[in-house]
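S.K.: If you scroll down you'll find the structure; I have some questions about it.
The values are calculated or read from the model by the stated rules, or taken from the named source; none is laboratory data. The shown structure was predicted, so the numbers you read here are calculated from the model rather than taken from an experiment. Don't worry about glycine lacking a Cβ; one is built from the backbone with ideal geometry, like all the others, and counts go over all protein chains shown.
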Amino acid sequence: MSLVTCLLILVVAFLAGVEGILDEFQFHQPLVACTLVGLVSGYLTEGVLLGGYLQMMALGWANVGAAVAPDVALASIASSILMVHGLQGNLPVDFVISVSIAIAIPLSVIGLFLTKFCRTKAIQLVQKMDQAALQADFKAMERQQLLGIGMQGMRVMLPALLLVLIPNDWIISLIAACPVVVLRGLSVAKGLIPALGFAIVINVLASKETWVFFALGFILAGISSLSLVGVCIIGAAMMLIYMALKKGTDQGTNFDVDASISDLLDR
């Protein structure tokens, strides 16, 4: 990798770590992070493919209360860097992506421990911010805030720096050393990952009222002449109709569907 490419990858890694906490611009999402790493390294198509697979796997991951989900930011950045090393070694694309997906899973668990460590250390920063607030020292409060966010960025950027500095030959040898049986299993698992992501989402969201929409969505997605944008538009229209009907049912038998939809759109 060139120096410029390495620096750009580190910038993406820092932003992904920060967004893992801010959750505003979605840089930490696999589809975004892997695509950006692929873009700056010259492997945009491969980055999109890897990000798509990891995004489907992470669809059902979410922080619930004190339970923190596996870290998609570190998994996305680290697996993307390994993918770039493998592709620079002229290894087959499917082979490299399969290995990168397999490596991303344990990396997400490692990232979970790193983010928990940073969150624990952030408690001390909050205490310092409380002391600064008592003295009306707003600049000190801002410094502590930036320091806490910076820790989250560094927890992804430092591992990314280590992977970038590792010689390319070492990574290629490690990837090429995977047994054939493992590679076949990875190929099968790669095909199951999208189904697993949908299954997790359905398990969380499914109810008696929504099953018919899930079924209809899969039927519409199977129509080759209908694009993904068309399916999304139809889904949005059905959602508005359903919410309007449900609102009217809750209010009584006499209701105006057009007025209900208008109220939903105005919110």
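S.K.: Considering region 34-48 alone, what residues qualify as being hydroxyl-bearing (Ser, Thr, Tyr) and touching a residue at least 12 places away in the same chain (Cβ under 8 Å)?
M.R.: Applying the first criterion (hydroxyl-bearing (Ser, Thr, Tyr)) to region 34-48 yields 35, 41, 43, 45.
Thr35, Ser41, Tyr43 - these are the residues of region 34-48 that are hydroxyl-bearing (Ser, Thr, Tyr) and touching a residue at least 12 places away in the same chain (Cβ under 8 Å).
S.K.: What do you reckon, is Ser108 touching a helix residue (DSSP H, G or I) at 6+ places or on another chain (Cβ under 8 Å), hydroxyl-bearing (Ser, Thr, Tyr) and modelled with pLDDT under 85?
M.R.: yes
S.K.: Among the residues of region 45-58, are any surrounded by fewer than 18 Cβ atoms within 10 Å (Cβ to Cβ) and over 27 Å from Cys178 (Cα atoms)?
M.R.: Narrowing region 45-58 to residues surrounded by fewer than 18 Cβ atoms within 10 Å (Cβ to Cβ): 45, 48, 52.
Cutting the leftovers down to over 27 Å from Cys178 (Cα atoms) gives us none.
No, region 45-58 contains no residue that is surrounded by fewer than 18 Cβ atoms within 10 Å (Cβ to Cβ) and over 27 Å from Cys178 (Cα atoms).
Residue-wise test of (1) in the same structural domain as Glu24 (by TED's automatic domain parsing); (2) among the aliphatic types (A, V, I, L, M); (3) touching a Ser or Thr at 6+ places or on another chain (Cβ under 6 Å); (4) closer than 19 Å to Ala13 by Cβ.
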residue	(1), (2), (3), (4)
Tyr43	yes, no, no, yes
Glu46	yes, no, no, yes
Leu49	yes, yes, no, no
Asp71	yes, no, yes, yes
Ala75	yes, yes, yes, yes
Val96	yes, yes, no, no
Ala104	yes, yes, yes, yes
Val109	yes, yes, no, yes
Asp130	yes, no, no, no
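S.K.: Kindly establish whether Gln135 is more than 27 Å from Val40 (Cα to Cα) and modelled with pLDDT of 80 or more.
M.R.: yes
S.K.: Name the pairs: first residue in region 210-234 and surrounded by 14 or more Cβ atoms within 10 Å (Cβ to Cβ), second residue of a type in the set (Gly, Ala, Ser), Cβ to Cβ under 6 Å, at least 6 apart or on different chains?
M.R.: These pairs meet every condition: Val231/Ala221.
S.K.: Please go through region 19-51 and pick out each residue that is modelled with pLDDT of 90 or more, closer than 21 Å to Leu112 by Cβ and β-branched (Val, Ile, Thr).
M.R.: Val32, Val37
S.K.: Further, regarding this structure: Any chance region 144-151 includes a residue that's surrounded by fewer than 12 Cβ atoms within 10 Å (Cβ to Cβ) and modelled with pLDDT of 80 or more?
M.R.: Yes, that holds for at least one residue.
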